[in-house]
1. Residue under question is residue 57, and the condition is that it be in contact with a strand residue (DSSP E or B) (Cβ under 6 Å, 6 or more places away or on another chain) and away from the ligand (no atom under 14 Å from the Cβ); does it hold?
2. Considering only segment 103-122, state which residues are within 10 Å of the ligand (Cβ to nearest atom) and either buried (at least 16 other Cβ atoms within 10 Å of the Cβ) or within 15 Å of the chain's Cα centre (by Cα) (or both).
3. Got a sec? Which of 89, 100 is in contact (Cβ under 8 Å) with a residue 12 or more places away in the chain and more than 24 Å from residue 14 (Cβ to Cβ)?
4. Using beta carbons and a limit of 8 Å, which pairs, at least six apart or on different chains, have the first residue in segment 57-78 and over 15 Å from residue 8 (Cα atoms) and the second one at pLDDT below 95 and away from the ligand (no atom under 16 Å from the Cβ)?
5. Within the set of pairs 6+ apart or on separate chains, which have a first residue in segment 128-147 that is within 10 Å of residue 96 (Cβ to Cβ), a second that is part of a helix (DSSP H, G or I), and C-beta atoms under 7 Å apart?
6. Somewhere in segment 76-96, is a residue within 21 Å of residue 29 (Cα to Cα), at pLDDT 95 or above and touching a helix residue (DSSP H, G or I) at 6+ places or on another chain (Cβ under 8 Å)?
Ligand code: DQA
């Protein structure tokens, strides 16, 4: 089972960036912990962070028939990107949307997501644990749907 973790713009700044909102852990720390969880669960986890919308879109397109599930924190592209939505619809790979912060408790422009209605699930407001919950849910989903 192959899972792709995508992180969008400014998530490379975790640890430095608004720690009261996003936590003190760096993205590297989070990804290392997720790799351990993936290994323990017997799944392959590929990860990519990019500040560029087209790089995320290319990664989604390249996932066609190569990845079984996507976990994505699209950062601010959540609230702007019809193109990311279309890329996810194109490959028809099930995905979970993750946000560290509770986007519904923040500015109104963060309340809408272009991805949530086509996601298998959405996790927000639980900090880095949200990624772990998403990985756990992805593995369960694949175990029930892939054989
Ligand atoms: C975020 C929430 C977005 O609104 C914001 O633009 C981010 C991070 C989160 O993880 O809480 O960059 O996706």
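1. Details: in contact with a strand residue (DSSP E or B) (Cβ under 6 Å, 6 or more places away or on another chain): no; away from the ligand (no atom under 14 Å from the Cβ): yes.
Taking the combined requirement at face value, the residue does not satisfy it.
2. Keep residues of segment 103-122 that are within 10 Å of the ligand (Cβ to nearest atom), which gives 103, 106-107, 109-111, 113.
The answer is 103, 110, 113.
3. Values: 100 fails: more than 24 Å from residue 14 (Cβ to Cβ).
Result: 89 is the single residue among 89, 100 that is in contact (Cβ under 8 Å) with a residue 12 or more places away in the chain and more than 24 Å from residue 14 (Cβ to Cβ).
4. Final answer for the pair search is 68/146.
5. Partner pairs satisfying both residue conditions: 131/30; 131/34; 135/34; 135/37; 135/38.
6. Step one: list which residues in segment 76-96 are within 21 Å of residue 29 (Cα to Cα), which gives 96.
After this cut, where a residue has to be at pLDDT 95 or above as well, the list is 96.
Then drop every residue that is not touching a helix residue (DSSP H, G or I) at 6+ places or on another chain (Cβ under 8 Å), which leaves 96.
So far as segment 76-96 goes, yes, one or more of its residues are within 21 Å of residue 29 (Cα to Cα), at pLDDT 95 or above and touching a helix residue (DSSP H, G or I) at 6+ places or on another chain (Cβ under 8 Å).
The values are calculated or read from the model by the stated rules, or taken from the named source; none is laboratory data. This structure is a prediction, so every number in the text was calculated from the model and none was measured. Cβ coordinates were reconstructed from backbone atoms using ideal geometry, including for glycine residues, and neighbour counts include every protein chain displayed.
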